[in-house]
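Here you go, one structure.
The values are calculated or read from the model by the stated rules, or taken from the named source; none is laboratory data. Computed from a predicted structure; not experimentally measured. All Cβ positions, glycine included, derive from the backbone under ideal geometry; neighbour counts span all protein chains shown.
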Amino acid sequence: MSWYVLIYPVYIIYAVFFLKKTVSETFHEDSLIFGKQGFQILHVLKYVVPFFIAAVLNTYAYARGLAKISASAAGVLIGLGPVVVFIESLIILKEKFLIRKVFATLFVFGGVIAISFDKQFTGDLFGIILVLAAAAGFGTYNVNISLGKTV
């Protein structure tokens, strides 16, 4: 997320020199992402800050979990993110129930279960819980993006 801070000034320079817009015009157009009222601190506090905190917590949970379980186990568990997306998209987005999505989800979940019986799937329960929480968080973030609840 921090790379946006570095890229945005480059975009402003591009808009001024190549698109022939003023800085004020560019900023006004860009602020419309927050709605018709444009940029307001309340929008930042309501939409941006919670997702920033959630992204930090998800990354932290994954990193802490990775310290407690093997990398292969963490990779397998983070692969459950699509399962979370499927379940939440049915509940929150009211997506159509498709049998092929059910089978795909079952295959993903079954693959995780099958791989978890491997001897390299090592670590303690707390690490597994942290990585599963990160997978759930990443899945939830993807569903919320579909709702347009993030910037």
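Tell me, which residue of the stretch 59-79 that is touching a residue at least 24 places away in the same chain (Cβ under 8 Å) and among the hydroxyl-bearing types (Ser, Thr, Tyr) is farthest from Val143 (Cα to Cα)?
Top of the filtered list is Ser70.
Tally the residues that are assigned to a helix (DSSP H, G or I), under 9 Å from Gly123 (Cα atoms) and either at pLDDT below 85 or out of contact with any helix residue (DSSP H, G or I) (no Cβ under 7 Å at 6 or more places or on another chain) (or both), restricting the search to the stretch 68-93.
Total satisfying the criteria: 1.
Search the stretch 80-95 for residues that are in contact (Cβ under 8 Å) with a residue 60 or more places away in the chain and pair each with any residue that is in a helix (DSSP H, G or I) and among the aromatic types (Phe, Trp, Tyr) when their beta-carbon atoms are under 6 Å apart and the residues are at least 6 apart or on different chains.
Gly81/Phe138
Every residue, every condition in (1) in contact with a Ser or Thr (Cβ under 8 Å, 6 or more places away or on another chain); (2) closer than 24 Å to Leu57 by Cα, yes or no:
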site	(1), (2)
Ile91	no, yes
Lys96	no, no
Lys101	no, no
Ala104	no, no
Asp118	yes, no
Gly123	yes, yes
Gly127	no, yes
Ala134	yes, yes
Phe138	no, yes
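Looking only at the stretch 96-127, filter to residues that are surrounded by 15 or more Cβ atoms within 10 Å (Cβ to Cβ) and free of Cβ contacts under 8 Å to residues at least 24 places away in the same chain; which one of those is farthest from Ser72 (Cα to Cα)?
Restricting attention to the stretch 96-127, the residues satisfying the condition of being surrounded by 15 or more Cβ atoms within 10 Å (Cβ to Cβ) are 101, 105, 108-109, 112, 115, 121, 123, 127.
Next, from what is left, pick out any that are free of Cβ contacts under 8 Å to residues at least 24 places away in the same chain: 101, 105.
Numbers: Lys101: 25, Thr105: 20 Å.
Checking each candidate, the answer is Lys101.
Looking at the stretch 6-58, which of its residues are closer than 19 Å to Val143 by Cα, at pLDDT below 80, surrounded by 14 or more Cβ atoms within 10 Å (Cβ to Cβ) and of a type outside the set (A, V, I, L, M, F, W, C)?
Across the stretch 6-58, the qualifying residue is only Tyr47.
Turning to a different aspect of this structure: Return only the number of the condition from (1) assigned to a helix (DSSP H, G or I); (2) more than 16 Å from the chain's Cα centre (by Cα); (3) over 21 Å from Phe51 (Cα atoms) that Arg64 does not satisfy.
All conditions are met except number (3).
For the stretch 76-105, which positions are within 16 Å of the chain's Cα centre (by Cα) and of a type outside the set (A, V, I, L, M)?
Listed by number, the residues that qualify are Gly79, Gly81, Pro82, Phe86, Glu88, Ser89.
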